[in-house]
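The values are calculated or read from the model by the stated rules, or taken from the named source; none is laboratory data. In this text, all values refer to a predicted model and were calculated from it rather than measured experimentally. Every residue, glycine as well, gets a Cβ built from its backbone with ideal geometry; the counts of neighbours run over all protein chains shown.
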Amino acid sequence: MADKTFPLNAWYAAAWSHEIEHALAARKICGKDLVLYRTEAGEVAALENACWHRLLPLSLGWLKGDNVVCGYHGLEFNANGRCTHMTAQKTINPSAAVQSYPVIERHRLVWVWPGDPAQADPAKMPDFHWNDGTEYVGEGGTYYSLQCDYRLIVDNLMDLTHETYVHAGSIGDENITETPFDVTHTDRTATVTRWMKGIEPPPFWKKNLGKPGLVDRWQIINFQAPSTICGDVGVAPVGTGAPEGDRSQGVHGCFLAAITPETETSCHYFWNFVRTFKTDDEDLTRAINKAHVNPEGTGLYDQDAFVLQEQQKVIDNNPRMPFYNLNIDAGALWARRLIDRMISDESANLAPLPGEAAE
Ligand code: FES
Ligand SMILES: [Fe+2]
């Protein structure tokens, strides 16, 4: 088991697109302090959030055009991190720069690559197209800050038996715990598939299907390493061919999660629930969001957040206590295996430090 909890050479969601304006925004990603802003041309820049001179966070300064002005002694840095103005001197020290991080804006999110910029390959972007607002409809994106290791959320979403207990009284359903599931994987993905055939539909699905009778219900949770999940969930009238691939008589949606480590024990959770049914019904969109997170703290993700953060407190107080695994953890175990593989590949590819023998 790797000691590190996350790889650095990966694209991580740093913000929803709508969060980043022509203004300085601080965010810590994988233990690195970043300042994000949108240039006048609309591109997003991500710089190290520490001035080259005396390390004041650049986010405490201001923008002058597309340059960041440090709020302490006025050094200016452009969107690539290069210093373009030095107070009270005509020549600029050529090494004066702060690190800039590769950025891609896609699927309504700003993604950054906190690792080696030379390895930042756009082809390694996670697929999050369900969030584009074209085929699927949802609120557009919600942010949650959680005081827990991001992998606890991965565990949570890869094993939906917790719904029966954590979400008893809403989406909790004995059928989930009673129905076996399959786990498949590739070198970058793990998928948990559960079909509950010929069951009474839970209230949410019964209402939105709008047809009487038993249903075939599915939960197909797809994890992309290191931390993106799409849960394809829905129902169709029993016997209409959904398990064989014909979902035309059913309704379905996807819960989307882009989870980004902030530190080893805290994370950013960008989530959305998108659907292909009743796409013009804005009241339904709002109701679905409110069912997940609400000011009263009674939403589904509020319930998860409580469990996850309580778990983290125990882990912090008992760092040597192990996790034990059950059959229900098979999907989460694959996800963690893929994360660990990315971490160990990254360590194996590290260039030796000066004075260190290459193996
Ligand atoms: S600390 Fe930024 S200019 Fe001095
Ligand atoms: Fe949950």
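Here are some notes:
- Test: THR285 is buried (at least 16 other Cβ atoms within 10 Å of the Cβ), under 18 Å from THR142 (Cβ atoms) and over 19 Å from the mean Cα position of the chain (by Cα): yes
- Of PRO202, PRO237, all but one fail to be assigned by TED's automatic domain parsing to the domain that holds THR142 and in contact with a Lys or Arg (Cβ under 7 Å, 6 or more places away or on another chain); the exception is PRO237.
- Taken together, the residues in the stretch 130-157 that are assigned to a helix (DSSP H, G or I) and touching a Lys or Arg at 6+ places or on another chain (Cβ under 9 Å) amount to 4.
- Exactly one residue among THR161, THR193, THR189, THR184 is free of Cβ contacts under 8 Å to residues at least 12 places away in the same chain, under 21 Å from ARG336 (Cα atoms) and not hydrophobic (A, V, I, L, M, F, W, C), and that residue is THR184.
- Test: residue in the stretch 71-80 that is of a type outside the set (Asp, Glu), surrounded by 21 or more Cβ atoms within 10 Å (Cβ to Cβ), closer than 30 Å to ILE339 by Cα and outside the structural domain of LEU338 (by TED's automatic domain parsing): no
- Annotation: of all residues in the stretch 38-61 being more than 24 Å from the chain's Cα centre (by Cα) and more than 12 Å from ligand 1 (Cβ to nearest atom), the one that is surrounded by the most Cβ atoms within 10 Å (Cβ to Cβ) is THR39.
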